[in-house]
Amino acid sequence: MPLAGLIGRKLGMTQVYTGAGVLVPVTVIQAGPCTVVATRRPERHGYAAAQLGFGVVKPQRLPKPVTGQFGKAGTGTFAVLREFRLANGDPPAVGSEVIVAELFRAGERIDVSGVSKGHGTTGVMKRHHFSGFPGSHGTHEYFRHGGSIGNRSYPGRVFKGKRMAGRHGAERVTVRNLEVVAVRGEEHLLLVRGAIPGARGGTVLVRKRPEARR
C-alpha cells in the first residue's frame, strides 16, 4: 500500500512487555479502518493522494456539500476527512478500506500529529516555565509575574513573540520518530512507545517517516 498515513483515535496509555521481557510504556491508537472517499491524480490535480474518512457520524450533523461528496463517492458518512499523499503507484479505489496492518509493522518509526490538551489562559510560569521572583528579600505580591516587557522610548513597543501570559495548548503538535511496538490488525490497534499529543478520544494522524515513503 503506497499510502503515507492513516487517521486514528487516541485511546490512552498502558504498558506491555517486549519479547525480551522489557516493560515499555505505550500509547494505544485505534488506527482505522479508513475508507477512501476521493483520490487525486497527477494528470488532473498535479499530485497523487487519497482522501480518507474515519469515524461514523449521522448525515444530518454534516454540511450538505460534505454529504453530497459522500453521496458521490457512494460511501458512508464520516466525521473526519484527511488527505494523504501517495509515495508511489496508483491511488486505491474509491470505497476501498485501508487497515493498519497494511501500512505499519512493529519496529517501524512514525510521526503522530494531534491537537494538544487545552489549558485555557495561563500565566508565564505554567506556559513558558518562568522561574518566578524570589520568595523573600523584599518581594511583595509579585511572585508569579512575568516582569518587565520592554524598555523606555526605544523600542517603544513590545516585540512580537514576547513570552507572556495567554492561551496555553489546544494547538496542532507533531511528535516525530516514535517507535511502533506492536500492530494488532484484528483489533485495528497500534501500540506506540511513549506519549502522543492530545486527550483520550482525540483524533490523531499517523504518518510514515519521510525516508520510509520513498
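Values computed for the structure shown
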item	result
Members of the range 139-183 that are outside any strand (DSSP E or B) and in contact (Cβ under 8 Å) with a residue 24 or more places away in the chain	163, 164, 165, 169, 170, 171
Residue that is farthest from the chain's Cα centre (by Cα), among those in the range 1-28 that are of a type in the set (Val, Ile, Thr) and over 22 Å from residue 197 (Cα atoms)	22
Qualifying residues in the range 58-86 (those that are over 20 Å from the mean Cα position of the chain (by Cα) and outside any helix (DSSP H, G or I)) - the one farthest from residue 48 (Cα to Cα)	58
Members of the range 93-122 that are part of a loop (DSSP other than H, G, I, E, B), surrounded by fewer than 19 Cβ atoms within 10 Å (Cβ to Cβ) and not small (Gly, Ala, Ser)	94, 99, 105, 108, 117, 119
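A short reminder: the numbers here are calculations on the coordinates, not readings from a lab. None of the values given here were measured: they were computed from a predicted structure. All Cβ positions, even for glycine, are placed from backbone atoms using ideal geometry, and neighbour counts span all protein chains on display.
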